[in-house]
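Reviewing the structure listed below.
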Ligand code: ADE
């Protein structure tokens with residue numbers, strides 16, 4: 001594959017003899033030729049520039065010299081060519097463009113790079129070659145800053161394209177996981193030996209040998225980084241590219257995946273004014289957790305007696321109750337601007353709600369460290385003390401699978417992990433969930449809960465059978481944190 005570079009500083013391109021590109025040239029995979037523009041100048045001083053038409057500072061490169069040079073270089077073998085002109089006024093160079101150029105080269109085109117200096121090349125050069133059959137002109141910028149000329153940009157483009165060409169990189173798999181790779185995310189952190197260095201450890205999961213967990217962890221950290229550093233990239237991910245674990249990670253960053261795009265999400269401790277909102281979301285979600293066949297009248301009575309605004313007002317005033325509320329946020333703390341299909345942030349702090357509650361958790365904190373689950377209907381041994389009960393974790397059905405429940409649960413764990421009972425930090429959380437509710441059981445199992453016993457639970461006249469599950473606090477959650 002052939003690449004030509006035309007420049008007034010051929011030595012600037014010497015790095016193309018080194019490393020990956022140098023090896024590809026030696027191996028005959030790449031034929032890179034560097035040309036001195038001045039070879040086509042006609043006067044004694046080999047002049048390539050002149051003053052700008054219309055006045056102004058600096059010098060502009062002459063079209064006649066460039067025309068002679070490019071005609072000669074392009075005429076060499078008559079193959080179709082991309083004429084790439086580095087300029088800060090060009091389209092943004094990207095991994096996608098690198099892939100496009102690599103594919104064009106693979107298909108038999110040549111790449112000719114015209115490196116301008118000074119104030120740039122007379123604009124008629126790009127205009128003219130754009131009309132020459134077989135030549136495609138791309139004016140390309142490598143970033144929003146101004147360099148002294150196009151040579152460094154040429155090095156950047158050629159290296160980025162060369163490493164995508166077949167045979168240049170030994171392990172093509174590394175092209176998938178890298179930043180701006182096919183996953184559309186920044187690459188997460190990477191580590192090697194020694195496992196402990198200056199007090200910093202390689203994350204334990206990477207030493208586990210569990211390939212599925214490692215892949216999951218890597219994907220989670222890639223998402224973390226992309227959210228934190230390049231949130232504009234998130235909008236290019238279609239909902240189909242985000243599985244439920246991805247959605248859980250995003251939800252923990254305050255972003256909810258909806259069919260309309262990413263929306264700000266806020267999870268916060270409920271306050272005295274939230275009784276009505278909690279009762280509303282509780283009434284809308286309670287039936288989902290009941291086994292099929294539960295009488296609607298029984299559900300209604302349970303909601304009326306136990307999930308009313310008055311009941312929540314009592315819970316909210318009870319220091320032994322910890323309630324978290326998830327609601328649509330009005331702003332997101334990052335900057336999603338530029339990403340299609342997202343709500344643009346106003347740069348706010350993620351506070352403020354813009355709609356009814358989406359879900360909630362309610363946990364009960366024991367009064368004494370040794371308080372057992374305490375309920376005569378519970379038949380389970382919980383080894384850890386003190387243990388809180390996660391009494392409710394409900395999310396509206398339209399947000400099932402959105403990661404919202406995972407984020408709420410993670411927030412509840414984080415909240416409980418920071419609490420003490422008589423000065424003793426909470427050690428675990430237990431809950432009862434319907435024995436036949438496989439979706440809920442899978443959900444809690446994914447979040448680290450294990451079945452340790454059973455509980456009877458009455459809705460109306462019907463006796464339900466729950467499993468009791470326990471999760472120590474401070475273990476890794478579903479997002480692999
Ligand atoms: N020439 C000068 N600055 C440049 C940039 N940012 N990108 C490409 N070519 C340039």
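When the residues of the range 80-113 are filtered to those that are more than 30 Å from residue 187 (Cα to Cα) and either more than 16 Å from the ligand (Cβ to nearest atom) or not assigned by TED's automatic domain parsing to the domain that holds residue 53 (or both), the one that is surrounded by the fewest Cβ atoms within 10 Å (Cβ to Cβ) is 108.
Quick check, is residue 471 loosely packed, with under 15 Cβ neighbours inside 10 Å and not in a loop (DSSP other than H, G, I, E, B)? In short, no.
Among residues of the range 313-341 being modelled with pLDDT of 85 or more and out of contact with any strand residue (DSSP E or B) (no Cβ under 8 Å at 6 or more places or on another chain), the one that is surrounded by the most Cβ atoms within 10 Å (Cβ to Cβ) is 313. Quickly run through the range 114-132 and pick out the residues that are near the ligand (Cβ under 10 Å from one of its atoms), modelled with pLDDT of 95 or more and touching a helix residue (DSSP H, G or I) at 6+ places or on another chain (Cβ under 9 Å). The answer is 115, 116. Looking at the range 163-182, is at least one residue over 30 Å from residue 262 (Cβ atoms), more than 16 Å from the ligand (Cβ to nearest atom) and in a helix (DSSP H, G or I)? No, the conditions are met nowhere in the range 163-182. Residues in the range 133-158 that are surrounded by fewer than 16 Cβ atoms within 10 Å (Cβ to Cβ), more than 9 Å from the ligand (Cβ to nearest atom) and either in contact (Cβ under 8 Å) with a residue 24 or more places away in the chain or not in a loop (DSSP other than H, G, I, E, B) (or both): 134, 136.
Quick check on my filter: what residues within the range 292-303 are surrounded by 13 or more Cβ atoms within 10 Å (Cβ to Cβ) and without any contact (Cβ under 8 Å) to a residue 60 or more places away in the chain? Scanning the range 292-303 gives 300, 303. Give the residue, chosen from 38, 46, that is closer than 20 Å to residue 125 by Cβ and part of a helix (DSSP H, G or I). 38 is the lone residue from the list that is closer than 20 Å to residue 125 by Cβ and part of a helix (DSSP H, G or I). So, residue 221, is that one out of contact with any helix residue (DSSP H, G or I) (no Cβ under 7 Å at 6 or more places or on another chain) and within 16 Å of the ligand (Cβ to nearest atom) or not? Against the criterion (out of contact with any helix residue (DSSP H, G or I) (no Cβ under 7 Å at 6 or more places or on another chain) and within 16 Å of the ligand (Cβ to nearest atom)), residue 221 does not qualify. Residues in the range 430-451 that are farther than 24 Å from residue 217 by Cα and buried (at least 16 other Cβ atoms within 10 Å of the Cβ): 430, 431, 432, 433, 434, 435, 437.
A single entry from 440, 410, 427 fulfils the requirement of being in contact with a helix residue (DSSP H, G or I) (Cβ under 8 Å, 6 or more places away or on another chain), closer than 26 Å to residue 369 by Cβ and touching a residue at least 24 places away in the same chain (Cβ under 8 Å): 410.
The values are calculated or read from the model by the stated rules, or taken from the named source; none is laboratory data. Predicted model only: the values in this text are computed from it and were never measured. Positions of Cβ are generated from backbone atoms using ideal geometry, with glycine treated the same way; all protein chains shown enter the neighbour counts.
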